[in-house]
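> Take a look at this one; I'll ask things after.
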Amino acid sequence: MSVLPRRFQKIKNVLNSRMEDLTVLIEGVNKPHNLSAIIRTCDAAGVFQANFICDHSNVKTFNSTAQGSQKWVKLRNHESYLEATNALRKEGFKLYGTSLNENSIDYRDLDFTKNTCFVLGAEKWGLSKELIDQVDESIYIPMNGMVQSLNVSVAGAILLFEAIRQRKNNDLIPFEGEGLNQEEYKKTLFEWTYPELIDSYKKSNKDYPSLNKDGEIEK
Ligand code: SAM
């Protein structure tokens, strides 16, 4: 079993700049093309894991809009808004709820260089009041048109790329895997390189093997 050197290098380059401390939490977004577009943006921005509030086991999503990006962004389901906010806060995230209410702050006035989670809401109703009450800060993207709001995936892209812009300006974009803990890095490198072997390792309860510099499995 082996991987082409160019493919392995591409996988490593992408993983090396993934960030665990930038994420989204998505509540009630139910159109597959919107979910897929958000995940595709997460991939482009370097988000390692995206969070969903979803009481059934799998986020129903993907169509051609995702362009396969769901393979490269970890998806984490939470059963309720409270479980999600407690878990993310425990991990050190600051929660930025997107909401067009009078207490919201213009997103351009905030610092997203550390532990940032953008909380995005449903196409029709936006975020639930319960979730808005849980966030650390409410933010908005100023609107100058006749229509009151943006498509949720567009709003997510603006916010994520603002975080990237700020991090770039401060030399905070990882480039050699320092954006992930080393165990997660090693595990993900194996899973991205050899997806067809994941099941057999899991079934036999064995740890993944190490890979050498060319991506070959070490004996
Ligand atoms: N009527 C809903 C409301 O008042 O929130 C509009 C929902 S909007 C179509 C869907 C989601 O996109 C929102 O929950 C938010 O996450 C995001 N969004 C859209 N426009 C936004 C803006 N100008 N600022 C911040 N987030 C926005």
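> Scanning the stretch 88-110 for residues that are of a type in the set (D, E, K, R) and either modelled with pLDDT under 95 or open to solvent by less than 60 Å² (accessible area, probe 1.4 Å) (or both), which turns out farthest from residue 165 (Cα to Cα)?
So in the stretch 88-110, the residues of a type in the set (D, E, K, R) come out as 89-91, 94, 102, 106, 108-109.
Subset that is either modelled with pLDDT under 95 or open to solvent by less than 60 Å² (accessible area, probe 1.4 Å) (or both): 102, 106.
Values: 102: 26, 106: 16 Å.
Among those that are of a type in the set (D, E, K, R) and either modelled with pLDDT under 95 or open to solvent by less than 60 Å² (accessible area, probe 1.4 Å) (or both), it is 102.
> What pairs come out if I take residues in the stretch 128-139 that are farther than 10 Å from residue 27 by Cβ and in the same structural domain as residue 106 (by TED's automatic domain parsing) and pair them with residues that are in a helix (DSSP H, G or I) and not acidic (Asp, Glu) whose C-beta lies under 8 Å away, six or more apart or interchain?
Qualifying pairs under 8 Å: 134/81; 134/82; 134/85; 135/85; 138/132; 139/107; 139/159.
> Still on this structure: If you go through the stretch 1-32, how many residues are open to solvent by 90 Å² or more (accessible area, probe 1.4 Å) and within 14 Å of the ligand (Cβ to nearest atom)?
2
> So in the stretch 154-190, with the set limited to residues that are within 16 Å of the ligand (Cβ to nearest atom) and in contact with a Leu (Cβ under 8 Å, 6 or more places away or on another chain), which one is nearest to residue 44 (Cα to Cα)? Even if it seems obvious, please write down each step before you answer.
Quick first cut of the stretch 154-190, residues within 16 Å of the ligand (Cβ to nearest atom) only: 154-163.
Now restrict to residues that are in contact with a Leu (Cβ under 8 Å, 6 or more places away or on another chain): 155-156, 158, 160, 163.
Details: 155: 15, 156: 12, 158: 12, 160: 10, 163: 13 Å.
Among those residues, the one meeting the criterion is 160.
> Have a look at 203, 168, 186 and point out the one that is out of contact with any helix residue (DSSP H, G or I) (no Cβ under 6 Å at 6 or more places or on another chain), at negative phi and at pLDDT below 95. First the steps, then the outcome.
Numbers: 168 fails: at pLDDT below 95; 186 fails: at pLDDT below 95.
Exactly one residue qualifies, and that residue is 203.
Yes or no, residue by residue, for (1) closer than 26 Å to residue 16 by Cα; (2) modelled with pLDDT of 95 or more; (3) surrounded by fewer than 21 Cβ atoms within 10 Å (Cβ to Cβ); (4) of a type in the set (Asp, Glu):
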| residue | (1), (2), (3), (4) |
| --- | --- |
| 42 | yes, yes, no, no |
| 46 | yes, yes, no, no |
| 62 | yes, no, yes, no |
| 71 | yes, no, yes, no |
| 82 | no, yes, yes, no |
| 86 | no, yes, yes, no |
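> Which residues, counting only those in the stretch 103-132, are out of contact with any Phe, Trp or Tyr (no Cβ under 9 Å at 6 or more places or on another chain) and away from the ligand (no atom under 12 Å from the Cβ)?
Scanning the stretch 103-132 gives 103, 109, 111, 113, 114.
The values are calculated or read from the model by the stated rules, or taken from the named source; none is laboratory data. This one's a predicted model, so the numbers in the text were calculated from it and none came from an experiment. Every residue, glycine among them, receives a Cβ derived from its backbone with ideal geometry; neighbour counts consider all protein chains shown. To get the accessible areas, we keep the full protein, side chains included, count just its heavy atoms, and leave off ligands, DNA and RNA. Shrake-Rupley method; radii C 1.70, N 1.55, O 1.52, S 1.80 Å.
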